[in-house]
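This report refers to the structure that appears directly beneath it.
The values are calculated or read from the model by the stated rules, or taken from the named source; none is laboratory data. Keep in mind that this is a model prediction, so the values were computed, not measured. Cβ atoms come from the backbone with ideal geometry, glycine included; neighbour counts cover every protein chain shown.
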Amino acid sequence: MSDNVEKYIKRKVHKGMSTKISQKFIDAGLEKIRACINCGTCTGSCPSGRRTAYRTRSAIRKALTGDESVLEDIDIWMCSTCYYCYERCPRDIPVTDMIIKLRNIAVEEGFILDSHFTLASDIFYATGHGVPANDPEAHKQWRALRESYGLPPLPPTVHSYPEAVKECQTLMNEVGFRALLDNAAKLKAKRKAEAEKIAKEKTEEEKK
Ligand code: SF4
Ligand code: SF4
């Protein structure tokens, strides 16, 4: 980090911007977020932003100012982690790492997308593979492709050693991956129940 950026970060005005989210960035060693000058170069460079409603600067700004609505914003999942914004940021802010951290915080707070939960829990945790290839019918083209290159039909992973799935799950348990997913599911269900309760009360109120 350059001396100038370091001095800028330490200025009181930016210290005053500490919030729950920005504090988590600082704890993760991503304190450079405080040096953002809101120039928009990241947004202007972002290939995902050209195709979707995702705006990099807006997400960074919300994170910096503690606007927690950013955690439930589906747009943060539109980043393709291409690192173009990071390369071009005049403040050398690790924008991509910020977005990844923002996603991590979102999952910790239970804002995980259903499709990501299914992939993480029902596929990755259950099978040890992000992209399983061992279904006799559904995945037969992958096995044929491997064989066409002279490879064994299944890779030397849990597909070839199914007894290792338990070991993978033990590792995932030890690093807190399962607990993270269970907590996210619990928070999500709680929010859903609260929203349904409010909707029901509103309907009953309207009937009176
Ligand atoms: S390019 Fe860097 S300084 Fe400019 S808005 Fe984005 S994060 Fe902030
Ligand atoms: S890393 Fe993400 S936010 Fe940055 S330019 Fe690429 S897609 Fe956009």
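Name the residue, out of 50, 34, 61, that is in the same structural domain as residue 20 (by TED's automatic domain parsing), within 14 Å of ligand 2 (Cβ to nearest atom) and touching a residue at least 24 places away in the same chain (Cβ under 8 Å).
61
Quick grid of which residues meet (1) within 16 Å of ligand 1 (Cβ to nearest atom); (2) closer than 21 Å to residue 176 by Cβ; (3) not polar (S, T, N, Q):
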residue: 79; (1), (2), (3): yes, no, yes
residue: 90; (1), (2), (3): yes, no, yes
residue: 93; (1), (2), (3): yes, no, yes
residue: 100; (1), (2), (3): yes, yes, yes
residue: 105; (1), (2), (3): no, yes, yes
residue: 115; (1), (2), (3): no, no, no
residue: 125; (1), (2), (3): no, yes, yes
residue: 131; (1), (2), (3): no, no, yes
residue: 136; (1), (2), (3): no, no, yes
Considering only the range 114-123, I want to know if a residue exists there that is part of a helix (DSSP H, G or I), on the phi < 0 side of the Ramachandran plot, in contact (Cβ under 8 Å) with a residue 24 or more places away in the chain and within 16 Å of ligand 2 (Cβ to nearest atom).
no
Pick from the range 36-77 the residues that are within 12 Å of ligand 1 (Cβ to nearest atom) and not in a helix (DSSP H, G or I): which of them is farthest from residue 19 (Cα to Cα)?
46
Of all residues in the range 92-104 being assigned to a loop (DSSP other than H, G, I, E, B) and surrounded by fewer than 20 Cβ atoms within 10 Å (Cβ to Cβ), which is farthest from ligand 2 (Cβ to nearest atom)?
92
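Being at positive phi and not β-branched (Val, Ile, Thr) is the filter; apply it to the range 60-90 and report the residue that is modelled with the lowest pLDDT.
As a first pass, look at the range 60-90 and keep what is at positive phi: 66, 81, 83.
Subset that is not β-branched (Val, Ile, Thr): 66, 83.
Numbers: 66: 84, 83: 96.
Looking at residues that are at positive phi and not β-branched (Val, Ile, Thr), I get 66.
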